[in-house]
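First up is the structure itself, then whatever we jot down about it.
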Amino acid sequence: MPRRKSSPEKKPDIYRVTTSDDIEVSTYLELAKELHGEQPVAEPKLPPGERETIVVLDFGSQYSMLIARRVRECQVYCELVPYDTPWDKIAPLNPRGFILSGGPASVYDPGAPLPLPYIYESHLPVMGICHGMLAMAHHLGGRVDRGAKHEYGHTILHLSDEESPLLEGLPSSMPVWMSHGDQITELPPGFRTLAYSENSPYAVVGNDAGIYGLQFHPEVVHTADGKTIFQNFVLKICGCKGNWTPANFISDSVDKIKDKVGDGRVVCALSGGVDSAVAAPLIDRAIGNKLTCIFINNGLLRRDEPERVLNTFKRNLKMDIVYVDATDRFLDRLKEVTDPEQKRLRVGNEFISIFEEEAAKLGKIDFLAQGTLYPDVIESTSPETKAAVKIKSHHNVGGLPARMNFTLIEPLRFLFKDEVRNVGLALGLPEDMIWRQPFPGPGLSIRIIGEVTRERLEILRAGDWILMNEIKNAKLYRQLWQSFAVLTDVRSVGVMGDYRTYGYLMAVRAITSEDAMTADWARLPHDLLARISDRIINEVPNVNRVVYDITSKPPATIEWE
Ligand code: XMP
């Protein structure tokens, strides 16, 4: 009998929008601990024959990246590639199966994207999702038509074949997420129906050769049991072992980095953020003192942050760090500057100048290490992002290579954020560094409205410190994408101990988000907000009023400037 799954756990009530990341993040942490304990792991090598890849062919769906994430959650390596990638690029990946994503086109559109014949000729299992399924049905002699009714959103799926390996362990009826106009009206020869919904008689189909099609989207969180479908396909049907572990990733990367770098030298800018914090010790493990890390303190970091970064890398990881305290230079560049774009540009340019000066002191350097992640790689190849209107000039280390003559080395280029965290844990990085919330390159300069001065930085740091402590004490730090204080240039009248005050207004912002593209303000408990406000007023000089920012993104952005 197939196992039945219990209903998903209820999310904390500070969320209005549920996010898949938070479920994954805690699962990954437990998994990493289970696998590795608290200690850095040993590095078992994976023989080349044991490497296995699920290839996700991208037909342009907005959810393609999510498919890749779901496969990785099964601890199986996968790559997302354009639907028309030729076989000679696929074969070296040692594919064990294909997943065909959805996409906006109809199979009857002129030039509609269709899979190449190798997906059938390779005799590997295939799972087509939405357009992926329709494209296969069209190829294999079935019929696809405009549905009488379009289906968007939740619908109930009923299993008609509970013995199918793809559907093992699923309840006999379950909510799934549909988003389609076309549908199959006649099955290709050899296929049968495995599940149906009210408007889709062929909601899940399959044949004996291991080719499956799903009309709905198992990759989105709204399909509650989608994860089981991926596990069934990847582990049972494709026979993957699920050996894509942080330890294997580390040993693989160490070999690759050694090969690539040879006798060359590598420089890496540490920002204090998770990505460079994981990339640096990974490269260090491969090439030791051929790597030099540069950590520039721009004077715009949170309280105790420079000390924390230095402690982690110098003391815990015994890495060699060039530390540059450039506070004076940055504050000089920001003198009397109030325009947000000017602040961003000045901080970014100053950073590049200092980095160039420091790198020049090191002699000949061949490579620049960067913590680029898979979502950045996928986004930078997607045409939609090119037309985006500029809202803010983001400053990060990504601005460096354009001006400097380095070859890039990006060991995290095929990882998602939660995988990076697991690798960091396996490398022995402390948890508080791994779970650090994102922090912008221009630092506190864009959280001070108006001029950035030493005095105003100290006020903001003091308020921000209290906020952080209270959020951490309430055990909400990891559930929030970001939480921070903003020092405004508004002053208002107050009364303290029978005296009139005329102090600054400090804003508190806490948000939930999946990817920072959109965000919702967090429904923090009122008593927590009260405690934060009381403490800021009582402990931070010159602040006499605290407000909570209840604006989502859009229309606001996450940072105030
Ligand atoms: P916004 O304010 O645009 O922020 O909604 C989106 C996310 O990006 C972070 N952010 C930055 N990160 N350099 C960075 O590395 C920057 O210049 C920068 N500006 C904003 C912000 O904290 C949020 O997570």
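Conditions tested, residue by residue: (1) on the phi < 0 side of the Ramachandran plot; (2) within 27 Å of the chain's Cα centre (by Cα); (3) outside the structural domain of ARG70 (by TED's automatic domain parsing).
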position: ASN289; (1), (2), (3): yes, no, yes
position: VAL309; (1), (2), (3): yes, yes, yes
position: LYS318; (1), (2), (3): no, no, yes
position: ARG344; (1), (2), (3): yes, yes, yes
position: GLY348; (1), (2), (3): yes, yes, yes
position: PHE351; (1), (2), (3): yes, yes, yes
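Of the strands (runs of 3 or more DSSP E) lying entirely inside segment 138-256, those containing at least 2 residues that are among the charged types (D, E, K, R) and in the same structural domain as ASP58 (by TED's automatic domain parsing) span 143-159, 173-186. The lone criterion from (1) touching a residue at least 24 places away in the same chain (Cβ under 8 Å); (2) more than 26 Å from the chain's Cα centre (by Cα) left unmet by ASP259 is number (1).
Among the residues examined, SER200 qualifies as crowded, with 22+ Cβ neighbours inside 10 Å and either among the polar types (S, T, N, Q) or touching a residue at least 40 places away in the same chain (Cβ under 8 Å) (or both).
Has segment 464-476 got at least one residue that is within 25 Å of ASP275 (Cα to Cα), buried (at least 18 other Cβ atoms within 10 Å of the Cβ), more than 16 Å from the ligand (Cβ to nearest atom) and charged (D, E, K, R)? No, segment 464-476 has no match at all.
For segment 540-547, the count of residues that are within 13 Å of the ligand (Cβ to nearest atom), of a type outside the set (Asp, Glu) and part of a strand (DSSP E or B) is zero. Looking at segment 176-191, is at least one residue at pLDDT 90 or above, surrounded by fewer than 23 Cβ atoms within 10 Å (Cβ to Cβ) and on the phi > 0 side of the Ramachandran plot? Yes.
One line per residue, one yes/no per condition, for (1) assigned by TED's automatic domain parsing to the domain that holds VAL377; (2) hydrophobic (A, V, I, L, M, F, W, C); (3) at pLDDT below 95:
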{"position": "GLN62", "(1), (2), (3)": "no, no, yes"}
{"position": "ARG72", "(1), (2), (3)": "no, no, yes"}
{"position": "GLN75", "(1), (2), (3)": "no, no, yes"}
{"position": "GLU79", "(1), (2), (3)": "no, no, yes"}
{"position": "TRP87", "(1), (2), (3)": "no, yes, no"}
{"position": "SER101", "(1), (2), (3)": "no, no, no"}
{"position": "PRO104", "(1), (2), (3)": "no, no, yes"}
{"position": "ILE129", "(1), (2), (3)": "no, yes, no"}
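Of the residues GLU419, GLU451, the single one that is part of a loop (DSSP other than H, G, I, E, B) and farther than 30 Å from LYS364 by Cα is GLU451. Against the list (1) farther than 29 Å from TRP481 by Cβ; (2) at pLDDT 95 or above; (3) surrounded by fewer than 20 Cβ atoms within 10 Å (Cβ to Cβ), the condition VAL266 fails is (3).
Scanning segment 255-279 for residues that are more than 13 Å from the ligand (Cβ to nearest atom), among the small types (Gly, Ala, Ser) and touching a Cys at 6+ places or on another chain (Cβ under 7 Å) gives a single hit, ALA279. The numbered conditions (1) of a type in the set (Val, Ile, Thr); (2) farther than 30 Å from ILE352 by Cα; (3) within 16 Å of the ligand (Cβ to nearest atom) are all true for ILE449 except (2). Counting only residues that are surrounded by 15 or more Cβ atoms within 10 Å (Cβ to Cβ) and at pLDDT 95 or above, segment 143-160 holds 3 of them.
Only one residue in PRO340, PRO375 is within 16 Å of the ligand (Cβ to nearest atom), modelled with pLDDT of 95 or more and surrounded by 14 or more Cβ atoms within 10 Å (Cβ to Cβ). Which one?
Only one candidate passes the filter, namely PRO340.
For segment 490-524, filtered to residues that are more than 13 Å from the ligand (Cβ to nearest atom) and touching a residue at least 60 places away in the same chain (Cβ under 8 Å), the residue that is surrounded by the most Cβ atoms within 10 Å (Cβ to Cβ) is ALA522. Restricting attention to segment 104-161, the residues that are touching a strand residue (DSSP E or B) at 6+ places or on another chain (Cβ under 8 Å) and not hydrophobic (A, V, I, L, M, F, W, C) add up to 24.
The listed residues are GLU419, GLU358, GLU458, and the only one of them that is assigned by TED's automatic domain parsing to the domain that holds VAL540 and either modelled with pLDDT of 85 or more or within 16 Å of the ligand (Cβ to nearest atom) (or both) turns out to be GLU458. Taking the stated definitions as given, is ARG308 modelled with pLDDT under 95, surrounded by 14 or more Cβ atoms within 10 Å (Cβ to Cβ) and not acidic (Asp, Glu)? For ARG308, the condition - modelled with pLDDT under 95, surrounded by 14 or more Cβ atoms within 10 Å (Cβ to Cβ) and not acidic (Asp, Glu) - is met. Does LEU415 meet the test of being closer than 25 Å to CYS78 by Cβ, in contact with a Leu (Cβ under 9 Å, 6 or more places away or on another chain) and crowded, with 20+ Cβ neighbours inside 10 Å? When the stated conditions are applied, LEU415 passes them. ALA279 meets the stated requirement of being in contact (Cβ under 8 Å) with a residue 60 or more places away in the chain and under 30 Å from GLY348 (Cα atoms).
Hey, does segment 382-394 have a residue that's at pLDDT 85 or above and either within 12 Å of the ligand (Cβ to nearest atom) or in a helix (DSSP H, G or I) (or both)?
Within segment 382-394, the first condition is being at pLDDT 85 or above, and the residues that meet it are none.
Checked segment 382-394: no residue is at pLDDT 85 or above and either within 12 Å of the ligand (Cβ to nearest atom) or in a helix (DSSP H, G or I) (or both).
The values are calculated or read from the model by the stated rules, or taken from the named source; none is laboratory data. Bear in mind the structure is a predicted one, so any value in this text is a computation, not a measurement. Because the Cβ atoms are built from the backbone with ideal geometry, glycine has one as well, and the counts that use them run over all protein chains shown.
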